[in-house]
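*Asks:* Following this message is one structure expressed as structure tokens.
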Amino acid sequence: MVIVLGGGLSGLSAGYYLVKRFGKPAALFESSNRLGGWIRTENHQDKGFIFESGPRTIRPRGAAGANTLEMIEDLHLPTESIRSTHIAAKNRLIYAKGELCLLPNNLGGIFATRPPFSKPLYTALFHDLQASSKKIKYGDESIYSFVKRRFGSELADYAISPMICGICAGDAKEISVRFLMNDMFETEQQYGGVVKGFFLSKLKGRKEVRDGHINSPGIFAENMPSLYQRAVKERWSMYRLHDGLETLPKALETYLRSRNIEINLSSECNKIFFEDDGVRLKIRDTIVVAEHVISSIPSYRLAACVKDQHPGLAGQLLAIPYVNVAVVNLQYCTDNLLPQRGFGFLVPPVERRPILGVIFDSCCFEMGENTVLTVMMGGKWFEEYFGQNPTKKDLLDIALKEVEDILGICQEPRFSRVHILEKCIPQYNVGHKQVVEGIRRYIQHYNLNLSVCGAAYDGVGINDVIMSARTNVENLSFS
């Protein structure tokens with residue numbers, strides 16, 4: 001029997017792909033009393049709105065995006081799309097230098113000088129063309145260092161840094177360029193510049209196509225899922241599930257239970273012992289025997305399970321840091337409170353404010369006559385701004401003050417919710433790719449019946465963790 005540790009989206013997806021690929025008996029163990037991990041939807045449909053304390057939208061991009069849409073189509077889940085012409089897709093804002101600044105949303109926008117930038121953005125391309133090439137020691141650097149070196153400090157401070165806050169609540173001065181922008185980094189290292197490399201690689205690609213050297217890439221090389229084809233045709237920018245994103249883990253739970261997959265809640269794994277004939281796990285003072293283990297639990301939790309038998313592996317797992325994020329959901333009974341409509345805004349760390357950004361939920365999807373906002377707080381700077389044990393009231397008060405200062409919304413929300421998500425997002429610091437490779441190399445070297453999937457290893461997005469589960473399952477072979 002295969003055992004899946006963790007009932008978040010990656011663990012549930014691993015169970016789903018185990019059924020699809022092998023139809024083998026499997027069991028899933030989740031330490032908390034619910035499934036879905038950080039995905040949590042609070043439904044107030046009677047009042048016309050929902051709160052999401054975790055992710056809320058999914059982007060239909062690339063093979064991983066197609067893979068997620070294939071799963072959603074298979075589970076018969078209704079979607080609500082935002083097309084590229086929607087205001088939430090077009091208008092992305094940052095708060096900088098005391099004002100909300102609309103980022104360029106078309107080609108013409110890069111030729112105008114718009115705050116917070118002192119020059120048109122196209123000049124960053126000339127900066128890259130003029131910058132000297134540099135071979136990076138150990139093959140990695142921070143994404144901030146890379147962008148500053150190639151495109152200038154303004155782009156690093158006011159475009160890339162807030163983007164990293166939105167992706168992983170992290171500090172761009174610490175996050176690895178190889179993990180989040182590996183293709184751009186490789187292009188620069190190979191060709192001596194990003195712009196130069198972009199055009200040379202395009203020319204090379206055309207030559208290889210003419211010479212017949214290109215193989216069809218990806219898991220959907222022959223036939224893309226029909227829902228993905230629809231998303232491309234209709235130019236979806238992003239989408240959500242009809243009753244909120246928690247619909248997906250609930251549908252996966254239903255799918256697994258209907259196929260006799262054993263799901264155990266409040267069942268934390270404390271120890272894992274690898275033996276010649278399989279794996280023994282200590283779960284709630286009970287020994288469970290498995291043929292193979294797929295771990296989707298946070299890397300630090302897995303480290304605690306394996307440290308007695310494999311301290312070297314535990315050390316590598318502990319090398320991946322995590323951050324806390326506070327999420328404050330706010331609902332107002334008026335639908336015209338925002339000074340500017342869009343997806344929301346991010347705050348560059350250089351501004352030294354205690355929030356990462358605000359999502360304008362009611363601009364993205366229909367929520368009746370409500371203004372619904374989600375304030376994201378903390379991340380890399382959680383303890384610096386809030387201390388070790390802030391109360392929910394403390395966080396709500398700070399969120400309301402920021403909303404008033406930046407958006408000019410002075411009235412009290414009718415309804416609010418505060419969630420403190422402890423150690424929720426792994427940080428992909430410089431050298432992270434090598435850390436993950438080292439973890440998987442250790443597992444292979446010692447021939448452990450263990451696979452690791454999820455955000456700590458293969459990316460933080462919804463598409464990433466689902467694809468991570470699929471890839472790990474497809475790498476398995478059973479006699």
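The values are calculated or read from the model by the stated rules, or taken from the named source; none is laboratory data. Here the structure is a predicted model, which is why all the values come from computation and not from measurement. We place every Cβ from the backbone using ideal geometry, glycine too, and count neighbours over all the protein chains shown. Ligands, DNA and RNA are stripped out before the accessible areas are found, and what is left, the full protein with its side chains, is counted by its heavy atoms. Shrake-Rupley method; radii C 1.70, N 1.55, O 1.52, S 1.80 Å.
*Asks:* Explain nothing, just the number: dipole magnitude of the chain about its Cα centre with +1 on each Lys and Arg Cβ and -1 on each Asp and Glu Cβ, in debye rounded to the nearest 20. Could the numbers behind the result be given before it?
*Replies:* On the way: 56 positive and 52 negative charges, 253 e Å.
Once rounded to the nearest 20, the dipole reads 1220 debye.
*Asks:* Now for a different question. Over 18 Å between Cα atoms, which of Lys97/Lys119; Lys47/Lys401; Lys282/Lys307 qualify? Intermediate values should be presented prior to the final figure.
*Replies:* Values: Lys97/Lys119 15 Å; Lys47/Lys401 25 Å; Lys282/Lys307 13 Å.
In this structure, Lys47/Lys401 lie more than 18 Å apart at Cα.
*Asks:* Given the options Pro311, Leu252, Gln331, identify the residue whose Cα lies farthest towards the positive end of the charge dipole of the range 207-348 (+1 on Cβ of Lys, Arg; -1 on Cβ of Asp, Glu).
*Replies:* The Cα lying farthest towards the positive end belongs to Gln331.
*Asks:* Diagonalise the Cα gyration tensor of the range 322-426 and give the resulting equivalent ellipsoid semi-axes, square root of 5 times each eigenvalue, largest first, whole Å. It would help to have the intermediate numbers written out before the result.
*Replies:* On the way: eigenvalues 108, 38, 33 Å².
Semi-axis lengths for the range 322-426 are 23, 14, 13 Å.
*Asks:* Could you compute the net charge surrounding Asp464? Neighbours are other residues with a C-beta less than 12 Å from the C-beta of Asp464; K and R count +1, D and E count -1.
*Replies:* Details: positive: Arg59, Arg61, Arg470; negative: Asp458.
Here the count lands on +2.
*Asks:* Carbon and sulfur atoms: what percent of the 1.4 Å accessible area of the chain do they account for? Mind showing how you got there, number by number?
*Replies:* Numbers: 10940 of 22260 Å².
C and S atoms contribute 49 percent here.
*Asks:* So what is the 222 nm mean residue ellipticity for the chain from helices alone, if each DSSP H run of at least 4 adds -39500 (n - 2.57) and you divide by all residues, rounding to the nearest 500 deg cm²/dmol? The partial results should precede the final answer.
*Replies:* Values: 19 runs with 178 residues, N = 479.
The helix-only estimate for the chain comes to -10500 deg cm²/dmol at 222 nm.
*Asks:* Would you mind checking which residues have amide H under 5 Å from Lys271's amide H? H placed 1.01 Å from N; only 5 or more apart, or other chain.
*Replies:* Lys282
*Asks:* For the range 95-144, what are the per-bin percents of Cα-Cα distances with bins 10 Å wide, up to the bin holding the maximum?
*Replies:* Each 10 Å bin holds this share of Cα pairs: 21, 36, 29, 15.
*Asks:* Rg(Cα) of the range 89-204 divided by 2.2 N^0.38 Å?
*Replies:* Values: Rg = 14.5 Å, N = 116, 2.2 N^0.38 = 13.4 Å.
Its radius of gyration relative to the 2.2 N^0.38 Å reference: 1.08.
*Asks:* Quick one: in the chain, what % of C-alpha pairs are over 32 Å apart?
*Replies:* Values: 50754 of 114481 pairs.
Summing the P(r) of the chain above 32 Å gives 44 percent of all pairs.
*Asks:* A further question on this structure: What are the aspartates and glutamates whose alpha-carbon lies under 14 Å from the alpha-carbon of Lys135, with same-chain residues fewer than 8 places away excluded?
*Replies:* The reachable aspartates and glutamates, counting only those whose Cα sits under 14 Å from Lys135, are Glu186, Glu188.
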